[in-house]
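The values are calculated or read from the model by the stated rules, or taken from the named source; none is laboratory data. Computed from a predicted model, the values in this text were never measured in an experiment. Every residue, glycine as well, gets a Cβ built from its backbone with ideal geometry; the counts of neighbours run over all protein chains shown. The accessibility values were calculated without ligands, DNA or RNA, using every heavy atom of the protein model including side chains. Shrake-Rupley method; radii C 1.70, N 1.55, O 1.52, S 1.80 Å.
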Amino acid sequence: MSRRTSARRRSCEVPQVDQMPAGMIDLYLLVLQVHRQGRTEFTASERAQVEFSRYRCFLLGLPEELLPTTPAEIIHVFHARAVLLRDAFDDTTCGELIRSTMAAYLRPNDSSYDRIADAVEKSYSKAGFVVAFCRGNLRIARGMGVSLDPADIARIAVTAPFIIGRLLIVDRARRIPRLAPIVDRYLIGLIERRLATYGKPEFVSDARTYTPALG
């Protein structure tokens, strides 16, 4: 059994109530940003992000009851789940889920390029975990099985100028009407290449029964 197949099968064993925060944590972090700005509603761009995450989660088997659409609903569902959790960190279960997720190899091959790309992706995943879930506290992250070492810092430092620079250029270009169609084609092509790299997901829901949240 390949590492990718093994990781995929392990993910199918995660209960729906745990798949929801895993698939929509980006929206919860987005809502926190919206609240810090004193807003109660999403912008058009943010609603598109919400729709994308909801649809992806739906295709992977989550019921629409666990896929909220507004900032208030997203916070309500996430916090309602949180209050039902035990106030403890079970390393045997929680720690193993975190470690196996961080260790999952998602590249299509074992070439030198794929191994380097995998290492860089893992470094960013670790950094994101430390910032988003441990408030930047490396000691807490290590206690949960995630260690951000000097090699990770070096990979981020080397690649950040290119990654962040490209992000800023694309974000600025898409706001220019004459460049927006070109940027859209570029981004769609990038997504298609990423999908080809990661492989075909095992969707379990019928897309025809999905109700879009966007008008």
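Considering each residue of the stretch 82-95 in turn, none proves to be of a type in the set (S, T, N, Q), out of contact with any helix residue (DSSP H, G or I) (no Cβ under 7 Å at 6 or more places or on another chain), over 29 Å from residue 150 (Cα atoms) and assigned to a helix (DSSP H, G or I).
Please work out if residue 126 is open to solvent by 30 Å² or more (accessible area, probe 1.4 Å), touching a Leu at 6+ places or on another chain (Cβ under 6 Å), modelled with pLDDT of 85 or more and not hydrophobic (A, V, I, L, M, F, W, C).
Working: open to solvent by 30 Å² or more (accessible area, probe 1.4 Å): yes; touching a Leu at 6+ places or on another chain (Cβ under 6 Å): yes; modelled with pLDDT of 85 or more: yes; not hydrophobic (A, V, I, L, M, F, W, C): yes.
Judged against the criteria, residue 126 is a match.
Scan the stretch 141-148 and give yes if some residue there is open to solvent by 70 Å² or more (accessible area, probe 1.4 Å) and over 21 Å from residue 23 (Cα atoms), otherwise no. Yes, there is a match, as at least one residue in the stretch 141-148 is open to solvent by 70 Å² or more (accessible area, probe 1.4 Å) and over 21 Å from residue 23 (Cα atoms). Can you tell me which residues in the stretch 185-195 are open to solvent by 80 Å² or more (accessible area, probe 1.4 Å) and without any contact (Cβ under 8 Å) to a residue 12 or more places away in the chain? Result: 185, 188, 191, 192, 193, 194, 195.
Hey, any hits in the stretch 77-89 for a residue that's open to solvent by 70 Å² or more (accessible area, probe 1.4 Å) and either within 16 Å of residue 25 (Cα to Cα) or at pLDDT 90 or above (or both)? Yes - at least one qualifying residue is present in the stretch 77-89.
Which residue, of 107, 135, is under 21 Å from the mean Cα position of the chain (by Cα), under 27 Å from residue 52 (Cα atoms), charged (D, E, K, R) and loosely packed, with under 10 Cβ neighbours inside 10 Å? So that I can check it myself, show each step before the final result.
Values: 107 fails: loosely packed, with under 10 Cβ neighbours inside 10 Å.
Result of the check over 107, 135: 135.
Residue selection: residue 186 fails the criterion of being within 30 Å of residue 63 (Cα to Cα) and not aliphatic (A, V, I, L, M).
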